[in-house]
Amino acid sequence: MEASRLPSPCEVLSRAAVFLDFDGTLVDLALRPDLVAVPHDLGRDLAAVAGRLDGALAIVSGRTIAEIDAFLAPLRLATAGEHGLALRLAPSGPSLRGAMPALPGAWRDAAAAWAAKTPGVIAEQKPAGMVLHYRMAPETGPMLGAAMAELVGGAPAFELMAASAAWEVRPRGTDKGTAVAALMQEA
């Protein structure tokens, strides 16, 4: 390509890939994770973008691949779920799961107990981690964060991540950036 000529939009699109988060990007955040409202035309719009990009569109989320599929049905896209612990490299491909440490049952029990005794707090269990949501009780955020930090307390296999009105425990070294890097290895 000549140095003085900018690429056309078509040339740019022929080499582009788009990676989209789900919560807070494709759908608005909701009071509870199960209450997100998916716009009725989102699947159609994503399918159109995927077509323009020759399929180079992927969803990258902290949710499971099954949850993303349910929200976007019947559309299936390349997807990284659970911050990259689960990958589907192509829409029709299988979901692949990396090795993951077992989250201690006592941690899950503690999160469930905090949620049960704190109005507005929700404990969400994930295959390799857990989340305490406090969007309906924002004043509890600092206390929950401190309690979760003490619970995880330097465990080498896990890390605590602050999210939007939530505290998430997930396996160390898994994040959306590594998920994007893995998806970018595919044509």
Filtering the stretch 24-45 down to residues that are among the small types (Gly, Ala, Ser) and under 10 Å from Leu72 (Cα atoms) yields Gly43
Can you tell me which residue within the stretch 40-59, out of those that are assigned to a loop (DSSP other than H, G, I, E, B) and open to solvent by 60 Å² or more (accessible area, probe 1.4 Å), is modelled with the lowest pLDDT? Asp54
Pick from the stretch 91-110 the residues that are open to solvent by 60 Å² or more (accessible area, probe 1.4 Å) and among the small types (Gly, Ala, Ser): which of them is modelled with the lowest pLDDT? Ala99
Suppose we filter the stretch 147-187 for residues that are among the aliphatic types (A, V, I, L, M), open to solvent by 60 Å² or more (accessible area, probe 1.4 Å) and under 30 Å from Ala137 (Cα atoms); how many remain? 1
Looking at the stretch 151-158, is at least one residue closer than 23 Å to Arg97 by Cα, without any contact (Cβ under 8 Å) to a residue 40 or more places away in the chain, part of a strand (DSSP E or B) and out of contact with any helix residue (DSSP H, G or I) (no Cβ under 8 Å at 6 or more places or on another chain)? no
Name the single residue, out of those in the stretch 1-25 being part of a loop (DSSP other than H, G, I, E, B) and farther than 22 Å from Val60 by Cα, that is modelled with the lowest pLDDT. Met1
Read through the list (1) modelled with pLDDT under 95; (2) hydroxyl-bearing (Ser, Thr, Tyr); (3) within 30 Å of Leu151 (Cβ to Cβ), then give the number of the only condition that Thr79 fails. (1)
Which number in (1) in contact with a strand residue (DSSP E or B) (Cβ under 6 Å, 6 or more places away or on another chain); (2) at pLDDT 95 or above; (3) outside any helix (DSSP H, G or I); (4) among the aliphatic types (A, V, I, L, M) marks the one condition that Met136 misses? (1)
Considering the stretch 60-73 alone, what residues qualify as being without any contact (Cβ under 8 Å) to a residue 40 or more places away in the chain, open to solvent by 20 Å² or more (accessible area, probe 1.4 Å) and in contact with a strand residue (DSSP E or B) (Cβ under 9 Å, 6 or more places away or on another chain)? Ala66, Glu67, Asp69
Kindly indicate whether any position in the stretch 79-97 is touching a helix residue (DSSP H, G or I) at 6+ places or on another chain (Cβ under 8 Å), closer than 21 Å to Arg44 by Cα and of a type in the set (A, V, I, L, M, F, W, C). yes
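The values are calculated or read from the model by the stated rules, or taken from the named source; none is laboratory data. Worth saying up front: this structure is predicted, and the values here are computed from it rather than measured. Methodologically, a virtual Cβ is constructed for each residue, glycine included, from the backbone with ideal geometry; neighbour enumeration extends over all protein chains shown. For accessibility, only protein heavy atoms count, side chains too; no ligands or nucleic acids. Shrake-Rupley method; radii C 1.70, N 1.55, O 1.52, S 1.80 Å.
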